[in-house]
Amino acid sequence: MSLLTIAQGMSTLVSIQSPTSVLSNATDDNRKIIRFTTDAAEELERRVDWSAMRHVTTFTGTGANDDFELPEDFSRLIEGNSVKSSSGPVRVGLSPDEWNSLTPVEGAPRYARLIGGSISFYPYLAAAATVAVTYQSKNWCPTGTRWGSDDEEAIVPEDLIRMGAVWRWRRHLGQDIQDYLAEYESALADRAKFDGGIRSP
């Protein structure tokens, strides 16, 4: 499936003419298709830790108390042991007061903190020492967080994008969405379970 095939699949369910193009044809219906499919894809990225969107990045120490910039597509850490050094797991989640009470020292990291778009470690990394961070990407399609072309295929399940866009369209028109929303939530729960787990909204 692609943006175009999702749009064509939606057409009969929301009573519009089946489009032959979407991004290059700025009709009111196509603008709604883009908006509602994007909203649905963003929700799917947020609610589920899809395995296809899981990445590992490695940070290498310089021997200084550095903050390391997270990848541009970083959304969140995976649950569990998401940060690991050569000496083992690194705990994440100290409060600001706990972190600020630590005196910077070089060594094998035991703690990490996220602040803004960066991650830092305590003790900080020695020169050439590495830490691996496993994270979920926010990029739900190959070109990032928005459709790049009509034939682009999303990374999140496209049948769920279609279902999520349909109930949003119907809600926009003030139509009943109960059955559509229930079907979507059931399918989402099943797909998330098969893929490895669902996050709370």
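The table below gives the values:
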read-out: ARG76 long-range amide H proximity, modeled H, under 5 Å; value: GLN136
read-out: GluC sites (Glu not before Pro) restricted to segment 111-201 and DSSP loop, no more than 16 other C-beta within 10 Å; value: GLU152, GLU153
read-out: Dipole of the chain, positive end: most advanced residue of LEU44, THR130, VAL166 [Cβ charges, Cα centre]; value: THR130
read-out: Alpha-carbon radius of gyration plus Dmax, which is the widest Cα pair, for segment 51-137 in Å; value: 12.2, 39
read-out: Residue of ASN25, ASN81, ASN100 that the Gaussian network model of the chain assigns the largest fluctuation, springs spanning Cα pairs under 10 Å; value: ASN100
read-out: Label point at THR134 placed 7 Å out along Cα→Cβ; residues across segment 68-86 whose backbone nitrogen lies under 13 Å; value: 77-85
read-out: Dipole magnitude of segment 56-138 about its Cα centre (Cβ charges: Lys, Arg +1; Asp, Glu -1), debye to nearest 20; value: 260
read-out: DSSP H segments from the chain that extend 15 Å or more along their own axis, Cα-based, with Kyte-Doolittle mean of -0.5 or above; value: 3-14
read-out: Residues of segment 96-123 with amide N under 15 Å of the 7 Å Cα→Cβ point at THR57; value: 113-121
read-out: Alpha-carbon centroids, segment 122-174 and segment 25-90: separation in whole Å; value: 7
read-out: Fewest-first sequence of ILE119, ILE78, ILE6 by Cβ atoms within 10 Å of each Cβ; value: ILE78, ILE119, ILE6
read-out: Cα-Cα pairs of segment 1-157 separated by more than 18 Å (percent); value: 64
read-out: Estimated dipole of segment 1-79 in Debye, rounded to 20 [Cβ of Lys and Arg +1, of Asp and Glu -1, Cα centre]; value: 440
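Throughout, read-outs are computed from the coordinates displayed, never taken from laboratory work. Note that the structure is predicted; figures quoted are calculated from it, not measured. In this analysis, Cβ positions are derived from the backbone assuming ideal geometry, glycine residues included, and neighbour counts consider all displayed protein chains.
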